[in-house]
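The values are calculated or read from the model by the stated rules, or taken from the named source; none is laboratory data. Bear in mind that the values here come from a model prediction, so they are computed numbers and not experimental data. We place every Cβ from the backbone using ideal geometry, glycine too, and count neighbours over all the protein chains shown. Accessible surface areas use protein heavy atoms only, side chains included; no ligands, DNA or RNA. Shrake-Rupley method; radii C 1.70, N 1.55, O 1.52, S 1.80 Å.
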Amino acid sequence: MGTMTNGAIRIEHPGTEPALTSAEAMAGLAGSVFPLAKRIEDGIGEAFEFAKWYEAWRKLNGLGADAPHPTHLKVEAADTFEAIIPWEQLKDAAIQFSIGGKPLVKGGPVRLYAPNGSSACLNVKSIVKFLFVMDIDHRDYVAYGFKNTVSTQELLKKP
Ligand SMILES: Nc1nc2c(c(=O)[nH]1)N[C@H]1C(S)=C(S)[C@@H](COP(=O)(O)O)O[C@H]1N2
Ligand SMILES: [Mo]
């Protein structure tokens with residue numbers, strides 16, 4: 001099925017233009033990488049801190065400390081699996097981006113691991129889009145599943 005990608009990862013964040021990045025560029029921006037096994041039991045390959053990447057990305061895009069912070073991250077995968085994750089559940093989240101220094105063959109370009117997530121189902125593989133959501137009225141809303149089988153509409157209302 002249509003899971004072919006060119007490795008591009010789309011970033012959509014309020015207050016910035018949508019932009020494309022890559023697994024390698026994300027790891028570079030995060031600034032440090034570590035073995036996934038340090039964070040996730042039986043984890044393989046290399047990862048970086050989601051929070052480190054995010055804070056560096058905000059600075060790079062001119063978002064100051066006073067600019068609004070997201071309430072949720074929505075990740076969308078090449079196979080149409082997607083998840084909406086409340087920000088607190090992303091504490092200690094890691095992004096797996098390589099194994100033995102080589103791009104992920106399965107689950108690439110990147111995979112999210114959320115050790116403080118409410119479900120292992122939130123460990124989304126093959127992420128092709130990171131969408132930052134601000135919806136303070138639905139702070140605890142969490143969802144995952146294949147696109148159009150999970151109700152994401154309520155969060156995607158324009159503020
Ligand atoms: N892209 C994508 N990511 C996904 C899924 C999926 O179908 N597609 N399944 C999720 C679910 S429901 C679970 S339980 C875990 C399973 O991870 P594992 O294959 O490493 O055991 O991956 C999650 N990530
Ligand atoms: Mo699952």
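Here are the numbers for this structure:
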{"item": "Within the range 28-62, tally of residues that are among the hydroxyl-bearing types (S, T, Y) and within 14 Å of the chain's Cα centre (by Cα)", "result": "1"}
{"item": "Residue ID - nearest to ligand 1 (Cβ to nearest atom), chosen from residues in the range 93-115 that are open to solvent by 30 Å² or more (accessible area, probe 1.4 Å), at pLDDT 95 or above and more than 14 Å from the chain's Cα centre (by Cα)", "result": "I99"}
{"item": "Answer from T80, T16 - the residue that is free of Cβ contacts under 8 Å to residues at least 60 places away in the same chain and among the hydroxyl-bearing types (S, T, Y)", "result": "T16"}
{"item": "Odd one out for A56, checked against (1) open to solvent by less than 20 Å² (accessible area, probe 1.4 Å); (2) touching a helix residue (DSSP H, G or I) at 6+ places or on another chain (Cβ under 7 Å); (3) aliphatic (A, V, I, L, M)", "result": "(1)"}
{"item": "Residues satisfying the stated conditions in the range 77-92, i.e. within 9 Å of ligand 1 (Cβ to nearest atom) and open to solvent by less than 30 Å² (accessible area, probe 1.4 Å)", "result": "A77, A78, E82, A83"}
{"item": "The range 114-139 residues that are over 11 Å from A83 (Cβ atoms) and without any contact (Cβ under 8 Å) to a residue 60 or more places away in the chain, paired with ones that are small (G, A, S) and more than 7 Å from ligand 1 (Cβ to nearest atom) (beta carbon under 8 Å, 6 or more apart)", "result": "N116/A93"}
{"item": "Residue identified as closer than 11 Å to F97 by Cα and either free of Cβ contacts under 8 Å to residues at least 40 places away in the same chain or touching a Pro at 6+ places or on another chain (Cβ under 8 Å) (or both) among S32, S22", "result": "S22"}
{"item": "Unique residue being within 16 Å of ligand 2 (Cβ to nearest atom) and hydrophobic (A, V, I, L, M, F, W, C) when the list is V128, V133, V124", "result": "V124"}
{"item": "Some residue of the range 117-128 being in a strand (DSSP E or B) and either within 14 Å of the chain's Cα centre (by Cα) or at pLDDT 95 or above (or both)", "result": "yes"}
